[in-house]
Amino acid sequence: MKTGKVFLVGAGPGDVRLITVKGMEAIQQAEVILYDRLANPKLLEFAPDDCELIYCGKLPDRHILRQENINDLLVEKALEGKVVVRLKGGDPGVFGRVGEEAAALARYQIPFEIVPGISSGIAAPLYAGIPVTHREYAESFAVVTAHDKSVDGKPMLDWEGLVRGVDTIAFYMGVGNLPYICENLIAHGKPAATPVILIQWGTFGRQKTLQGTLTDIAAKVYEAKFSNPSIILVGDVISLREKISWFEKMPLYGSQILLARTGESVSGIAKELMEKGADVIEFPKWKKTKLPVELGNIMDYDKILFSSPENVGEFFNAIIEKGIDIRKVRAEFYGCSSKSIKALRERGFIARLIEGMPQEGSLLVVGENNKYEFENADFLVTSKKALDQQFLPIFQRMLEEAEVNTMVFPSAASVEVFIESLKECGIDVFELLKDVQVVCMGHMTKEAAERVGLVSDGMPDSPTRKALVEYLIQSRKA
């Protein structure tokens, strides 16, 4: 059997848009992904549907998989001939133990590549408005582990060298040892009034900061119950934050939005909300199985109705594969949604919504489980869509890490689908959405939510992305 290949990939600090192009390419071709807690789970949605996902997450007080087991798994999966991605938060070479994993692969002569990522020690400060170097404040910068392999976990560092030779210091995952860190920096000559800032969940919409000095920051952290994952930054350059803070001024910063999803791909709504500073969790995640398509009498229909934008793409792919000249298809095209209409327009076809479809004429419906009833219609099912069971525990972990404050239902169809999928996770929708703002896009969506007993807290002026974003921004200001 041919040996596979392993990509040791830095996922970046959290914001999914900060992964490198090469890192994303590795995910998109992966057959197996071993991922950490600090790698944003949304990145896994870019993997192929049949990719095996293995959680290696670690918390300071417990391990899901120990490092030795991770090394063995990388070797095992690669020797099965698979393309394997080891997805690690930040940069794999900065406290990511990539050296141990690469050595294990080299021992078995397994080919591998190391794909750098943006380190949290640089990115989190920037998202908090702090460059780690500046000509007037900091000409040197160091990243330091704040938890090592010693018996008590307290880092054994050259404290004198740090104080004397480094202007800005970033300590990783050191909240538990913060008093010890501050005491040693002061004891070795760092002024007690030196600014310190903790940045929790840096680059996520739920990013939080807590600022103080070496003298008082430990007490502030204890009082605020601040926890990891956090970067501790020490240095005078922190004073720039008041002038150039930017991320926390985003209009939807602090919004943690749960978005019901009916399609297979990442939605345009989610993208726009993230661009405004929000965290967005989309649920449920669907898995698609393509089916063989027969197009023998495709030229005979007067009307073709597309159930979803995905069906549009699958239909035209089948047309191309069968070598059919699309100009010979005489049917008028219709869509069940504006998304389907847009997908057809992108291919050069002017289509109309189902409401404008005449009763007369032969009809082909492309897609499965259509909510409309038709007489004397033929159906062409191009693929089957099912709940992706691999993503259910991933979704549950995302909920545990987040504090959801907004729920968005984009369509009437999304309401029932969302609730039924929650049941697969053993989650009660009313318990989940207690004290959460529920927003429905459109009157039909609002009615669908109310039919199942949910209370809608509001509705945009129109069921469009732009109206939704503006509505959420105004809700934040209120």
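The values are calculated or read from the model by the stated rules, or taken from the named source; none is laboratory data. Owing to the predicted nature of the structure, the values given are computational and were not obtained by experimental measurement. In this analysis, Cβ positions are derived from the backbone assuming ideal geometry, glycine residues included, and neighbour counts consider all displayed protein chains. Keep in mind that these areas ignore ligands, DNA and RNA; they rest on the heavy atoms of the full protein, side chains included. Shrake-Rupley method; radii C 1.70, N 1.55, O 1.52, S 1.80 Å.
What list of ³J(HN,Hα) couplings, whole Hz, do you get for segment 427-434 from phi and the Karplus terms 6.51, -1.76, 1.60, once you set θ to phi - 60° and write x for glycine and proline?
10, 8, 4, 6, 5, 5, 9, 5
Tyr137's amide H: which non-local residues (gap 5+, or another chain) put their own amide H closer than 5 Å, with H modeled 1.01 Å from N in plane and none for Pro or chain starts?
none
Could you calculate the FRET efficiency of Ser265 with Cys425 from 1/(1 + (r/R0)^6), where r is the beta carbon distance between them and R0 is 25 Å, rounded to 0.05?
Values: r = 21 Å, r/R0 = 0.85.
The computed FRET efficiency comes out at 0.70.
Going by Cα centres, segment 233-300 and segment 390-413 are how many Å apart?
With segment 233-300 and segment 390-413 each reduced to a Cα centre, they are spaced 12 Å.
Under a point spin-label approximation (7 Å from Cα along Cα-to-Cβ), what is the Glu80-Met250 distance to one decimal in nm?
3.6
Quick one: Karplus J couplings for segment 267-275, per residue in order, coefficients 6.51, -1.76, 1.60, θ = phi - 60°, nearest Hz, x for Gly and Pro?
Result, rounded to whole Hz: 7, x, 4, 4, 4, 5, 5, 5, 5.
Based on the Cβ-Cβ distance of Glu52 and Arg352, what FRET efficiency does E = 1/(1 + (r/R0)^6) give at R0 = 41 Å, to the nearest 0.05?
On the way: r = 43 Å, r/R0 = 1.04.
Calculated value: 0.45.
Leaving out ligands, DNA and RNA, what percent of the accessible area of the chain is carbon and sulfur, probe 1.4 Å?
Numbers: 12040 of 23360 Å².
Roughly 52 percent, rounded to a whole number.
Quick one: which residues, 5 or more positions from Met441 or on another chain, have an amide H under 5 Å from its amide H? H modelled 1.01 Å from N in the peptide plane, none for Pro or chain starts.
It is Phe409, Ser411, by chain and number.
Can you give me the long-range amide H partners of Gly174? Hydrogens built in the peptide plane at 1.01 Å from N, cutoff under 5 Å, separation of 5 or more residues or another chain.
Ser230, Ile232
How many lysine pairs are close in segment 255-368, with Cα atoms under 24 Å apart and the two 8 or more places apart or on different chains?
Summing the qualifying lysine pairs gives 24.
Quote the FRET efficiency, to the nearest 0.05, computed for Glu183 versus Arg17 with a Förster distance R0 of 56 Å and r equal to the Cβ-Cβ distance. All intermediate terms of the calculation are to be shown ahead of the outcome.
On the way: r = 39 Å, r/R0 = 0.69.
It comes out at approximately 0.90.
To make sure I understand the rule: partners must be aspartates and glutamates, Cα under 15 Å from the Cα of Lys249, and not fewer than 8 residues away in the same chain. Which ones qualify?
Correct list for Lys249: Glu275, Asp279.
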